[in-house]
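K.L.:
First the structure, then my questions, so here it is.
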Amino acid sequence: MIRMIAVDIGAESGRVMLGSLEGDFLSIREAYRFPNTPVQVPGTLHWDILRLFNGIKEGIVRAARVAGGSIASIGVDTWGVDFALLDRQGKLIGNPVHYRDRRTAGMMEEVFRRVPPEEIYARTGIQFMPINTLYQLFSMVRRGDPQLEIAQTFLTIPDLLHYWLSGVAVCEFTNATTTQCYDPLHRDWAWDLLRRLEIPTHLFPEVRPAGTVLGPLLPEVADEMGLSGVQVIAPASHDTGSAVAAVPFQHPDAVYISSGTWSLVGVEVQAPVIHEQARRYNFTNEGGVEGTFRLLKNVMGLWLLQECRRTWARKAGLPLEEDPGSSRIHAISGTQQAWDYEALVRQAEMAPPLRSLIDPDDPRFLPPGDMPARIQAFCRETGQPVPEEPGAIVRCILESLALKYRWVIERLEELLGRSIPAIHIVGGGARNAVLCQWTADATGRPVLAGPVEATAIGNLMVQAMALGYVSNLREAREAIHRSFAPVIYEPHSSAMWDEAYERFVASILPFAEGFQRSPTE
């Protein structure tokens with residue numbers, strides 16, 4: 001048996017998972033969970049990266065204790081786009097800035113004045129989002145930020161954490177591709193693009209593939225945690241990259257939906273798909289394991305439901321307790337059942353079907369706030385029945401997500417020139433049986449749900465590949481399928497879903513700002 005540690009950090013929390021691989025069977029357990037709370041100081045929103053690193057070390061100690069000290073390796077995955085800068089001595093220059101910080105406001109337009117958006121997409125294949133690293137770095141150039149004058153090395157967030165564990169400063173492929181500073185066709189940084197934007201090119205280190213063994217824990221780190229012989233391995237360090245590595249594909253042409261706060265709907269391809277139609281639909285090409293790419297589109301996910309629950313509980317005067325690292329929110333009151341997740345879904349099942357629909361990606365739904373009121377306003381403005389009860393609103397959310405998934409899948413078929421036979425849903429949304437069934441019904445395709453803990457599982461299996469316990473990604477996915485068998489939802493044929501989809505495409509999507517347009521048009 002081999003024991004490994006996966007550190008998975010999201011925008012709200014981090015967790016340390018202990019994985020045990022015995023033969024071709026993987027088991028996992030959570031060893032530690034810690035909050036990821038950004039810090040606002042005058043003028044800037046930062047990540048509290050030192051506290052995060054402390055949480056990682058505490059989690060490793062706890063996991064090692066459970067494993068009796070027998071740990072073979074450690075790997076970290078996090079969100080994308082954000083980064084740290086190191087000086088000549090390898091010291092951190094300031095706390096990394098949060099992607100929601102306002103420093104990128106207007107930067108995309110400024111960049112496009114220097115380099116046309118069509119050229120940027122052709123060079124990078126990455127969707128246009130103001131949070132992208134490219135615009136963060138350009139904002140520093142525009143302000144004459146002194147950090148750029150003393151910086152020697154650029155590292156994405158998981159690369160920084162790996163550096164503090166191993167002493168090796170490199171960028172891992174899957175996260176490097178999210179920056180919009182990387183050229184996936186030439187498999188190197190987009191040097192000419194960086195120079196035209198006056199971004200210092202000497203900052204960017206070597207890019208290594210997912211599964212690179214960086215080396216043992218630094219002696220001082222190993223001594224602090226009482227460990228020895230532990231290898232630090234860069235898994236797919238972008239969390240979606242790890243989640244997709246854990247998809248137990250039964251058909252190579254199947255689509256995946258990594259479902260949580262966001263829904264990432266895409267396919268795994270051997271080469272990036274970069275052309276004008278992909279740019280117009282604003283699809284992105286992010287790196288994957290074994291040199292693959294993830295052609296995908298972001299869709300607003302269960303964030304809509306999470307915000308509704310917060311609003312209803314707040315208006316009822318109920319305090320909320322968030323489970324760190326989870327999309328689940330628990331009302332801590334004797335009347336908590338009113339806003340219990342499962343109870344809301346049951347109410348949704350009893351509500352009239354397909355009466356009111358929204359585009360989940362309408363910009364009004366992005367910020368936090370009174371989500372039920374925003375959903376009602378959208379329905380009112382589009383001449384639909386206005387859902388009043390929580391069950392009707394939840395049904396509107398889940399049915400709209402299922403229909404938006406169908407729209408994205410059909411765009412993928414258009415871009416690839418082939419049909420998509422099945423859907424894998426991984427992540428927290430795989431627990432939602434109603435969403436899984438309605439996705440099957442809306443798309444006319446079977447849905448295979450699970451594993452729920454896909455990100456940690458993918459992280460662990462890439463480590464096992466790096467250590468030689470698993471031969472390749474195909475073998476890893478076979479082991480995942482045996483260890484975490486998916487739940488299958490067969491589609492129910494219904495003309496009602498087809499009629500709703502026609503209405504969705506004809507009336508709902510065009511109403512939402514930016515329909516079928518990239519932010520550059």
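K.L.:
Of Pro117, Ala67, Leu160, which is farthest along the charge dipole of the chain in the positive direction, counting Lys and Arg as +1 and Asp and Glu as -1 at C-beta?
P.N.:
Projecting each Cα onto the dipole axis, the largest value belongs to Leu160.
K.L.:
Measure off 7 Å from each Cα along the Cα-to-Cβ vector at Val39 and Arg100, then give the distance between these two points in nanometres to one decimal.
P.N.:
1.8
K.L.:
Sum -39500 (n - 2.57) across every DSSP H segment of at least 4 residues in the chain, then divide by the residue count to get the 222 nm mean residue ellipticity, nearest 500.
P.N.:
Value at 222 nm, helices only, nearest 500: -11000 deg cm²/dmol.
K.L.:
To the nearest µm²/s, what D does Stokes-Einstein give for segment 2-237 at 37 °C and 0.692 mPa s, using the Kirkwood radius over alpha carbon pairs as Rh?
P.N.:
For the chosen part, D equals 177 µm²/s.
K.L.:
Among the helices of the chain (complete DSSP H runs), which have Cα atoms covering no less than 30 Å along the helix axis and a Kyte-Doolittle mean of at least 0.0?
P.N.:
Numbers: long enough: 390-416 (39 Å, 0.53).
Membrane-span-like by this rule: 390-416.
K.L.:
Just how large is the dipole of segment 2-237 about the Cα centre, in debye to the nearest 20, putting +1 at every Lys and Arg Cβ and -1 at every Asp and Glu Cβ?
P.N.:
320
K.L.:
What does the highest-first list of 227-235, 394-402, 85-93 look like by mean Cβ count within 10 Å? List each step's numbers first, then the result.
P.N.:
Details: 227-235: 22.8, 394-402: 26.9, 85-93: 13.9.
Put in order of decreasing packing, that is 394-402, 227-235, 85-93.
K.L.:
Let me ask something additional. So for each of 262-270, 459-467 I average, over its residues, the number of other beta carbons within 10 Å; can you give me the resulting order with the highest mean first?
P.N.:
With the highest mean Cβ count within 10 Å placed first, the list reads 459-467, 262-270.
K.L.:
Taking the Cα centre of the chain as origin, work out the dipole magnitude from +1 charges on Lys and Arg Cβ and -1 charges on Asp and Glu Cβ, in debye rounded to 20.
P.N.:
Its charge dipole is roughly 480 debye.
K.L.:
Follow-up question, since we're still on this one. From the list (1) 23.2; (2) 26.4; (3) 34.2, can you say which value of mean projected area of the Cα convex hull in nm² was derived from the structure given?
P.N.:
Evaluating mean projected area of the Cα convex hull in nm² on these atoms matches (1).
K.L.:
Rounded to the nearest 5, what % of DSSP beta bridges with both residues in the chain are antiparallel?
P.N.:
Roughly 75 percent of the beta bridges in the chain run antiparallel, per DSSP.
K.L.:
Counting only C-alpha contacts under 8 Å and six or more residues apart, can you give the relative contact order of segment 2-237 as a whole percent?
P.N.:
Working: 455 pairs, mean separation 46.9, N = 236.
With pairs under 8 Å counted, the relative contact order is 20 percent.
K.L.:
Let me ask another. Sorted by average packing, counted as other Cβ atoms within 10 angstrom per residue and highest first, what order do 113-124, 164-175 take?
P.N.:
Ranking the peptides 113-124, 164-175 by packing returns 164-175, 113-124.
K.L.:
Considering Cα pairs under 8 angstrom that are at least six residues apart, work out the relative contact order of the chain and quote it in whole percent. Could you put the intermediate results ahead of the total?
P.N.:
On the way: 1092 pairs, mean separation 80.4, N = 521.
In percent, rounded to a whole number, it is 15.
Any read-out appearing in this document is the output of simple, stated calculations on the displayed coordinates, not a laboratory observation. Here the structure is a predicted model, which is why all the values come from computation and not from measurement. Quick reminder, even Gly has a Cβ in these numbers, built from the backbone with ideal geometry, and neighbours come from all protein chains shown.
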